[in-house]
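Peer 1: Below is the structure I would like to discuss, written out as structure tokens.
Any read-out appearing in this document is the output of simple, stated calculations on the displayed coordinates, not a laboratory observation. Quantities reported herein were computed from a predicted structural model and do not represent experimental measurements. With ideal geometry, Cβ positions are generated from the backbone for all residues, glycine too; neighbour counts draw on all protein chains shown.
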Amino acid sequence: MNVKVNEKDIILKNISKSYNGQVILEDINLTIPGGKFFALLGPSGCGKTTILRLIAGFEIPDSGSIYLGNQEITHTPIYQRRVNTVFQNYALFPHLNVFDNVGFGLKVKKVPQDQIEHRVMKVLKMVHLENHAYKSIDHLSGGQQQRVALARSMINEPEVLLLDEPLAALDVKLRQRMHIELMDLQETLKTTFVYVTHDQTEALTVADHMAIMNYDGIIEQVDHPKKVYESPISTYVAHFVGTTTIFSGIIRMHQGMVELDVENLGRLNVTKAECQTAIRAGQEMHLSVRPEKITMYKQEPNQEGVISLSGVIESIVYHGYATFYFVRLSSGQRITVFRQNSEHTALQPFDYDEQIYVSWAPEMGVLLER
């Protein structure tokens, strides 16, 4: 491999893997930037954990190569890789206290006791557990146990830390707090974090970069979280990352405007909609519109150039900070509208079965070819 790369990058090149004749990964190519917090996001069973296990060395690919920087590690034994894994079930030793759990690997390597003492307390301080060093594991909360698992994984100062849905067993509040702690830890250590999750909100929260996998184990998009959300490259990504409404139709050109001709709905002005491909008349395309980009009105808005459609409110879901409205358009299609809860919205309430109008500017939509 002659291409110059960052010495901390993880590179998967033409990776394929099958189990009992079933193809899990096929010809996967992925570069994970070194020193970043990288999220691998996809539905259960799509091959995310398999990629993690291949990087860790628990599995060997049927074909293809894995590199850490310019060094190929495809067949490197687990113990020779500067890679550690944090599992969902923590895998702590219940008969050892916090200190001994974290220092276990150093003890096995026969590191001098004074060095063990120094290194264990240093890493416990990083995860804010220095005052719990001699507590029993079963006297710790779920979040504290998770931090013990993190500390044990970091004790040998790995170049890569692999996290396989490590917060799945925690309650929502604790999970949110752990997101911040993990982000702060990665920023301090500058270690490459590879975080596997099926939770889109979690991935958007913690990651610097992310890859989206579909049900067939294919990587759909790799980019910054904001780019993935604001500029998805397929209807799959648009649906999987966040909430969206998709309009499908045929591109028409009319008086200098680009329009999407949607069956039973008419033509939508998409002249200024974001699009990552060339647009041709007669081409089938899909328009993605996020719920926060849409405004609801009681009367039809008189605004030139905006898209305005009539509908009826079918469902209302209150989220505290905001409310989601599910509106059935006159065409029969359902559209989702997000409305921030505030004093202003309280003065203009919307109710079930109310006839309303939804509206958005053309530039708020994203045209997708697939």
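Peer 1: Among (1) touching a Lys or Arg at 6+ places or on another chain (Cβ under 8 Å); (2) in a strand (DSSP E or B); (3) in contact (Cβ under 8 Å) with a residue 24 or more places away in the chain, which single condition is Ser248 missing?
Peer 2: (1)
Peer 1: What's the total number of residues in segment 254-282 that are under 25 Å from Gly332 (Cα atoms) and outside any loop (DSSP other than H, G, I, E, B)? Show your work before the answer.
Peer 2: Residues of segment 254-282 that are under 25 Å from Gly332 (Cα atoms), as a first pass: 258-271, 273, 282.
So of that shortlist, the ones also outside any loop (DSSP other than H, G, I, E, B) come out as 258-262, 266-269.
Summing the residues that are under 25 Å from Gly332 (Cα atoms) and outside any loop (DSSP other than H, G, I, E, B) in segment 254-282 gives 9.
Peer 1: Specify which of the listed residues (Thr197, Thr245) is hydroxyl-bearing (Ser, Thr, Tyr), farther than 21 Å from Pro33 by Cβ and touching a Leu at 6+ places or on another chain (Cβ under 9 Å).
Peer 2: Values: Thr197 fails: farther than 21 Å from Pro33 by Cβ.
Answer to the selection: Thr245.
Peer 1: Condition first: surrounded by fewer than 18 Cβ atoms within 10 Å (Cβ to Cβ), part of a helix (DSSP H, G or I) and aromatic (Phe, Trp, Tyr). Now tell me which residues in segment 91-138 satisfy that.
Peer 2: Hit for segment 91-138 is Phe104, nothing else.
Peer 1: Here's another thing I want to ask about it. Name the single residue, out of those in segment 240-269 being crowded, with 20+ Cβ neighbours inside 10 Å and under 25 Å from Pro225 (Cβ atoms), that is nearest to the chain's Cα centre (by Cα).
Peer 2: Checking each candidate, the answer is Val241.
Quick grid of which residues meet (1) within 20 Å of Ala207 (Cα to Cα); (2) of a type in the set (S, T, N, Q); (3) in a strand (DSSP E or B); (4) within 18 Å of the chain's Cα centre (by Cα):
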residue: Ser16; (1), (2), (3), (4): no, yes, yes, no
residue: Leu25; (1), (2), (3), (4): no, no, yes, no
residue: Thr31; (1), (2), (3), (4): yes, yes, yes, yes
residue: Ala39; (1), (2), (3), (4): yes, no, yes, yes
residue: Gly45; (1), (2), (3), (4): no, no, no, yes
residue: Thr50; (1), (2), (3), (4): yes, yes, no, yes
residue: Leu54; (1), (2), (3), (4): no, no, no, no
residue: Phe58; (1), (2), (3), (4): no, no, no, no
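Peer 1: Scan Tyr325, Tyr297 and give me the residue that is surrounded by 13 or more Cβ atoms within 10 Å (Cβ to Cβ), more than 22 Å from Ile250 (Cβ to Cβ) and over 28 Å from the mean Cα position of the chain (by Cα).
Peer 2: Details: Tyr325 fails: over 28 Å from the mean Cα position of the chain (by Cα).
On inspection, the qualifying residue turns out to be Tyr297.
Peer 1: Moving to a separate point now. When segment 180-218 is examined, which residues are found to be of a type in the set (Gly, Ala, Ser) and not in a helix (DSSP H, G or I)? Can you show your working first?
Peer 2: First pass over segment 180-218, keeping only residues of a type in the set (Gly, Ala, Ser): 203, 207, 211, 217.
Of everything in segment 180-218, those that are of a type in the set (Gly, Ala, Ser) and not in a helix (DSSP H, G or I) turn out to be Ala207, Ala211, Gly217.
Peer 1: Further, regarding this structure: Search segment 110-124 for residues that are farther than 12 Å from Phe99 by Cβ and pair each with any residue that is surrounded by 15 or more Cβ atoms within 10 Å (Cβ to Cβ) when their beta-carbon atoms are under 8 Å apart and the residues are at least 6 apart or on different chains.
Peer 2: Val111/Arg119; Gln115/Leu106
Peer 1: Only strands (runs of 3 or more DSSP E) wholly contained in segment 285-344 count here; list those with 2 or more residues that are within 17 Å of Ile246 (Cβ to Cβ) and not small (Gly, Ala, Ser). Walk me through it before giving the result.
Peer 2: Numbers: elements: 295-297, 307-318, 322-329, 334-340.
Passing ranges, in order: 307-318, 322-329, 334-340.
Peer 1: Of all residues in segment 142-179 being part of a loop (DSSP other than H, G, I, E, B) and out of contact with any helix residue (DSSP H, G or I) (no Cβ under 7 Å at 6 or more places or on another chain), which is farthest from Gly57 (Cα to Cα)? Don't jump to the end; show me each part of the working.
Peer 2: Applying the first criterion (part of a loop (DSSP other than H, G, I, E, B)) to segment 142-179 yields 155-159, 165-171.
Filter once more, keeping what is out of contact with any helix residue (DSSP H, G or I) (no Cβ under 7 Å at 6 or more places or on another chain): 157-159, 165, 168, 171.
On the way: Glu157: 17, Pro158: 14, Glu159: 14, Glu165: 18, Ala168: 23, Asp171: 31 Å.
Looking at the filtered set, the residue picked out is Asp171.
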